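The values are calculated or read from the model by the stated rules, or taken from the named source; none is laboratory data. As the structure is a prediction and not an experimental result, all values here were calculated from the model. FYI the Cβ positions are ideal-geometry reconstructions off the backbone, even for glycines, and counts take in every protein chain you see. Please note that ligands, DNA and RNA were not included when accessible areas were found on the heavy atoms of the full protein model with its side chains. Shrake-Rupley method; radii C 1.70, N 1.55, O 1.52, S 1.80 Å.
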Amino acid sequence: MMTLGLFDQFMSPMLLGIPLILIALSLPWILFPRPTAHWLDDRLLALQGHFVNNFTHQILQSVNPKGHKWAVLFMTLMLLLVTLNTLGLLPYTFTPTTQLSLNMALAAPLWLA
């Protein structure tokens, strides 16, 4: 039988000796598209492009054509929120979007713009 210490519940979860938080933090950099000199994209870049196109279409579907100039800002904000909330699904991690300070820091400049 294994005996656990008092603070073992706060240890970072591990998979094959690698802390899962490192894998979760490196995932956005792995998925970030890199420019290449090839004419055709690889499968990962094509999948990313398809995801971003569908995501942009869903966000801008209810916006009139004058509002489409905000597409880059909306996409950046949505990807930031999705990434932060996905990281919050890891055990013993904190989701920053639960704090009013982050929400107000994002909402006030956007509302003023």
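Some notes on this structure:
- Extreme residue, nearest to the chain's Cα centre (by Cα), among residues of the stretch 40-64 that are among the aliphatic types (A, V, I, L, M) and assigned to a helix (DSSP H, G or I): V52
- Test: residue in the stretch 37-49 that is of a type outside the set (D, E, K, R), at negative phi, touching a residue at least 12 places away in the same chain (Cβ under 8 Å) and out of contact with any Leu (no Cβ under 9 Å at 6 or more places or on another chain): yes
- When L89 is tested against (1) open to solvent by 80 Å² or more (accessible area, probe 1.4 Å); (2) more than 22 Å from A113 (Cα to Cα); (3) more than 14 Å from the chain's Cα centre (by Cα), only condition (3) is not met.
- Every residue from the stretch 65-103 that is part of a loop (DSSP other than H, G, I, E, B) and either modelled with pLDDT of 85 or more or aromatic (F, W, Y) (or both): Y92, F94
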